[in-house]
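The values are calculated or read from the model by the stated rules, or taken from the named source; none is laboratory data. Please read all numbers here as calculations on a predicted model, not as lab measurements. Glycine also receives a Cβ, built like all others from the backbone with ideal geometry; neighbour counts cover every protein chain displayed.
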Amino acid sequence: MDKIYLDNAATTPISEEVIDAMVATMKMNFGNPSSTHSFGQEAKILIENVRRQVADYLHVSPAEIIFTSCGTESNNMIIKSSVEHLGVERIISSPLEHKCVSESILDMKSRKGVEVSYIRPNEKGDIDLDTLETLLKASDKKTLVSLMHANNEIGNITDIKKISALCKANNALFHSDTVQTMVHMNLDFSDILVDFASCSGHKFHGPKGVGFAFIRKSSGLKGIITGGPQERSLRAGTENVAGIVGLGKALEISLKNMEAYTNHMQAIKEYAIEQLSASIPGIKFNGRSAEKENSLYTVLSALLPYKNPLIGLQLDMKGIAISQGSACSSGASKPSMVMMMVLSEDEMDECTPLRISFSHMTTKADIDALASALKEISSDFTIEKTNVEHR
Ligand code: PLP
């Protein structure tokens, strides 16, 4: 059975060229980048080349890119160090954030007594910027705003340029979890004035175990892992040289093909909306997922008009890998916080969310197979209540 992979927001298949670049690095450049001899210096040069490549993509200085092990580490570092080293006393965020952000914030609340305010999104998953402005103006406490660029479950895109301007005008620091948009979109941080952002290599056909944090130089952020002076003393530990080279190769391929990849995935997403709507009467799409504007082209969040907690397993048995939410919470029995925000209580009780996420490798045939598998599974369910109100 040919398997179909439609869970690219969880992770993407690593590309052959990335594997080749990493294997060559592991074979030829095993030196420790901190060593002063030629073996070390050759490895160091490889890292600095990728740092420059990332900095060029973001229009920032290479000194503002700190390699880490993943998006989770980057987000932890930014939030925790903002509190511990920059004197942040208040964090404004939303219930839509990835767990690595929301749990880091809760940790700072319980251990450091940080005040936390959440902006509740509307039923489409939008964050109201007037509410943000009111909150920003309501206190003189040193504040960090942490709002993600694109949501990993529903794909909503937040206007981080506007938010960064609001934060600047109100003397607040701004962190955006950009894990789902980094390298998928053009990002110019000389124009979008975020202070901190995060990236994970495995979301764009790079390897797992490598990512980076963007840390604006003027912010003065420090690291949370102490030890040697690697990564400008912001992140101690011998660097993952092959991983960083792999991230650089994946970035190079994605940027070179960005227009073609974007157009392809946008067309696949539109096709998926059409085919699923035709195959499953009553299907709905969550948040801004089915809209072209303000929605990430890689993610489509659907809502099946019946309750079937086994849907993921049933699709898997038919060779189709898909997720019901984010990979990090897919083992949980409770609906995710994001779904609680965008679905009505009736929908949570009586419907089934599905996250379909694409890559440039996804084909129309993959979507046809999904639509027909879902049609078959759906035929076992009597759709008793067709008037469940969609939020
Ligand atoms: N933030 C978002 C929005 C994500 O989607 C993910 C991964 O799913 C992460 C952070 C965590 O990234 P990593 O898997 O590299 O730890």
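Let me confirm something: among His264, His202, which residue is outside any loop (DSSP other than H, G, I, E, B) and under 28 Å from Arg52 (Cβ atoms)? So the residue among His264, His202 that is outside any loop (DSSP other than H, G, I, E, B) and under 28 Å from Arg52 (Cβ atoms) is His202. When Glu84 is tested against (1) over 20 Å from the mean Cα position of the chain (by Cα); (2) buried (at least 16 other Cβ atoms within 10 Å of the Cβ); (3) part of a helix (DSSP H, G or I); (4) not polar (S, T, N, Q), exactly one condition is not met: (2).
Yes or no: Ser117 modelled with pLDDT of 95 or more, assigned to a helix (DSSP H, G or I) and within 21 Å of Val342 (Cβ to Cβ)?
Working: modelled with pLDDT of 95 or more: yes; assigned to a helix (DSSP H, G or I): no; within 21 Å of Val342 (Cβ to Cβ): yes.
When the stated conditions are applied, Ser117 does not pass them.
Scanning the range 1-32 for residues that are within 24 Å of the chain's Cα centre (by Cα) and either away from the ligand (no atom under 16 Å from the Cβ) or farther than 30 Å from Ala302 by Cβ (or both) yields Ile4, Ser15, Glu16, Glu17, Val18, Ile19, Met22.
Could you list, in sequence order, the residues of the range 190-206 that are out of contact with any helix residue (DSSP H, G or I) (no Cβ under 6 Å at 6 or more places or on another chain), of a type outside the set (A, V, I, L, M, F, W, C) and within 15 Å of the ligand (Cβ to nearest atom)? I'd like the intermediate steps shown before the answer.
Taking the range 190-206 as the starting set, the residues that turn out to be out of contact with any helix residue (DSSP H, G or I) (no Cβ under 6 Å at 6 or more places or on another chain) are 190-191, 197, 199, 202-203.
Imposing the further condition that a residue be of a type outside the set (A, V, I, L, M, F, W, C) reduces the set to 190-191, 202-203.
Selection gives His202, Lys203.
Looking at Ile160, Ile91, which one is in contact with a strand residue (DSSP E or B) (Cβ under 7 Å, 6 or more places away or on another chain) and more than 16 Å from the ligand (Cβ to nearest atom)?
Working: Ile160 fails: more than 16 Å from the ligand (Cβ to nearest atom).
Ile91 is the lone residue from the list that is in contact with a strand residue (DSSP E or B) (Cβ under 7 Å, 6 or more places away or on another chain) and more than 16 Å from the ligand (Cβ to nearest atom).
Only one of the listed residues (Ala197, Ala165, Ala172, Ala250) is more than 21 Å from the chain's Cα centre (by Cα), assigned by TED's automatic domain parsing to the domain that holds Pro121 and surrounded by 20 or more Cβ atoms within 10 Å (Cβ to Cβ). That residue is Ala172. Is the range 114-123 home to any residue that is touching a strand residue (DSSP E or B) at 6+ places or on another chain (Cβ under 8 Å) and within 11 Å of the ligand (Cβ to nearest atom)? Within the range 114-123, not a single residue is touching a strand residue (DSSP E or B) at 6+ places or on another chain (Cβ under 8 Å) and within 11 Å of the ligand (Cβ to nearest atom).
Within the range 82-104, residues that are farther than 17 Å from Leu136 by Cα reach partners that are away from the ligand (no atom under 16 Å from the Cβ) and of a type in the set (S, T, N, Q) with beta carbons closer than 8 Å, at six or more positions or on different chains, in the pairs Leu86/Ser219.
Within the range 163-189, being within 16 Å of the ligand (Cβ to nearest atom) and of a type in the set (Gly, Ala, Ser) holds for one residue alone: Ser176. The set of residues in the range 1-39 that are buried (at least 17 other Cβ atoms within 10 Å of the Cβ) and part of a helix (DSSP H, G or I) comprises Val18, Ala21, Met22, Thr25.
Could we say that Ala321 is surrounded by fewer than 16 Cβ atoms within 10 Å (Cβ to Cβ), of a type outside the set (Phe, Trp, Tyr) and within 16 Å of the ligand (Cβ to nearest atom) here? Full working, then the answer.
On the way: surrounded by fewer than 16 Cβ atoms within 10 Å (Cβ to Cβ): yes; of a type outside the set (Phe, Trp, Tyr): yes; within 16 Å of the ligand (Cβ to nearest atom): yes.
Taking the combined requirement at face value, the residue satisfies it.
Just one of (1) under 30 Å from Ile367 (Cα atoms); (2) touching a helix residue (DSSP H, G or I) at 6+ places or on another chain (Cβ under 9 Å) fails for Thr226. It is (1).
Of the residues making up the range 132-156, those that are away from the ligand (no atom under 12 Å from the Cβ) and either crowded, with 19+ Cβ neighbours inside 10 Å or not in a loop (DSSP other than H, G, I, E, B) (or both) number 9. Scanning the range 164-200 for residues being within 19 Å of Ser295 (Cα to Cα), touching a strand residue (DSSP E or B) at 6+ places or on another chain (Cβ under 6 Å) and among the β-branched types (Val, Ile, Thr) gives a total of 3.
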